[in-house]
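Notes for the one structure printed next.
The values are calculated or read from the model by the stated rules, or taken from the named source; none is laboratory data. Since this is a predicted model, take the numbers as computed values, not measurements. Ligands, DNA and RNA are excluded from the accessible area calculation, which covers all protein heavy atoms including side chains. Shrake-Rupley method; radii C 1.70, N 1.55, O 1.52, S 1.80 Å.
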Amino acid sequence: MKVLVVGGGGREHALCWKLKRSPSVTEVICAPGNPGIEHDARCIRVGAEDIDGLMALARTERPELVVIGPEAPLVAGLGDRLRDEGFSVYGPDQAAAKLEGSKSFAKELMAEAGVPTARFEVHDDADAAEALIRNWGAPIVVKASGLAAGKGVVVAQSVDEAVAAVRDMLAGNRFGEAGSEVVIEECLVGEEASCLFIVSGDDILPLDSSQDHKALLDGDKGPNTGGMGAYSPAPCVTPDIAEVVLETIARPIVAALKKRRIGFIGTLYAGVMLTADGPKALEFNVRFGDPECQPLMVRLQSDLGRVLLAAAEGRLAGSELEWDARVALCVVVASDGYPGSFIKNQPILGLDAVADAGTVVFHAGTARQDGNIVNAGGRVLGVTALGATVSKAQRIVYAALKRLDWPEGYYRRDIGYRAVARERQ
Ligand code: AMP
């Protein structure tokens, strides 16, 4: 089978890497891909948001399966357009992608479905929002409703910080149109986990658990990013908890969509807070998480192409997934300055040496210039290793990263620290 993967980040590299190793797959093409993906797929320079360009590419290449990686083309309706022309697509239609594209829609659907989640209100008026914040007090969470690349959430420790964030978002300063509506939420306390599901109609196939680190700095401090590292499985997600998340979060939300006549084919990602009152949904995404996808693909032993095609064709029932029993841990290397501004086109050397030290190096924001790999985005590499324990996987990755020759590259030194602490107990 020939598969087209849409996207060009670390998630898409991990998907292409795994698809290339899937017995059912004979050819992987990726649009636009990146220099790392070139090792696993034929890359074609059509941007992931160039919907017309991607349609033209699909018509020329005639893939038997299209896997849409990022949220933007899903929210823009690429899935609908491809399905209209008869392609098998893994990735939801625009109506279902609203679960990620609009946090206010997601929260309203959660309320309707009875999914446990933080108490919330949606506002587009700054004065009303400020009154609510003063009433609820801090800590309190402020979210831009629209897509903001994982950066539109402020967990405010003071009322002043929350009010400033709301005014900034509603004035359109920080996230443009995505911030024209804000969701204000009660601040939940607990450990976070990512619970991903392959969904096709009523059939929901859970992936193994994972946990990512969204904050920029060690100890989960500093601003939120798209993700600085991840590992799988996450020991905090016991089999019992996984079952609760499936039954109280994933199934009801898919059923609530169906009630609105919205089908779902693709990855449902539930960001979950494990609170003292049980798991509560923080957010939904409609695609694989990045970086979580990287350790998940390294652990997955099943034929990914076969499972995604089955989902795309509505015959997921009965599918099972097999996992490497070991832990996979991924550390993201970012450009210094990310999630703010940073200098591009710095040469990155030593990539082969990092891989030779027992890791898989996935590329995200890289480009090729004058024969060198250079940084071209905020999150640049994801370095993943398998180990018998989180501590062991962590040790392999950090030892390998010593071989990376990119002085300006930044990475956290403590990915997986909660699980490591658990292991020490
Ligand atoms: P989201 O994009 O909605 O998942 O939010 C990004 C991050 O903000 C989450 O991974 C949490 O760390 C944090 N966050 C979001 N909502 C809440 C909440 N209600 N309480 C505490 N932390 C939250």
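Key figures
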{"read-out": "Under Karplus coefficients 6.51, -1.76 and 1.60, residue-wise ³J(HN,Hα) of the stretch 330-337 in Hz, glycine/proline x", "value": "10, 10, 8, 9, 10, 6, 5, x"}
{"read-out": "Sequence-separation-based contact order of the stretch 98-212, relative, with Cα cut under 8 Å and 6+ spacing, percent", "value": "26"}
{"read-out": "For the stretch 214-220, Karplus couplings with θ = phi - 60° (6.51, -1.76, 1.60), whole Hz, Gly/Pro x", "value": "7, 6, 6, 10, 3, x, 6"}
{"read-out": "Mean accessible surface per residue for the chain, computed with a 1.4 Å probe while every protein chain stays in place, in Å²", "value": "39"}
{"read-out": "Derived scalar couplings ³J(HN,Hα) [the stretch 339-348; Karplus, 6.51 cos²θ - 1.76 cosθ + 1.60; whole Hz; x for Gly, Pro]", "value": "x, x, 7, 8, 8, 8, 6, 8, x, 10"}
{"read-out": "Whichever aspartates and glutamates have a C-alpha closer than 19 Å to that of Lys2, once near sequence neighbours (fewer than 8 apart) are set aside", "value": "Glu12, Glu27, Glu38, Asp40, Glu61, Glu64, Glu85, Asp303, Glu313"}
{"read-out": "The chain: relative contact order as a whole-number percent, Cα under 8 Å and 6+ apart", "value": "16"}
{"read-out": "Most mobile listed residue (Ala234, Ala317, Ala388) in the chain, GNM with C-alpha springs under 10 Å", "value": "Ala388"}
{"read-out": "The stretch 325-383 versus the stretch 1-41: alpha-carbon centroid distance in Å", "value": "17"}
{"read-out": "DSSP bridge orientation in the stretch 50-200 - percent antiparallel, rounded to nearest 5", "value": "85"}
{"read-out": "For Ser209, residues with placed amide H under 5 Å, excluding near neighbours", "value": "Ala234"}
{"read-out": "Gyration tensor (alpha-carbon) shape descriptor, the chain, a/c threshold 1.5", "value": "rounded"}
{"read-out": "Bins of 5 Å, starting at 0 and running to the largest distance - Cα pair percent for the stretch 109-166", "value": "4, 18, 27, 25, 18, 8, 1"}
{"read-out": "Global form of the stretch 323-385, assessed from the alpha-carbon gyration tensor, a/c cut-off 1.5", "value": "oblate"}
{"read-out": "Spatially proximal lysines relative to Lys98 (Cα-Cα < 19 Å; intrachain offsets below 8 disregarded)", "value": "Lys107, Lys143, Lys151, Lys258, Lys259"}
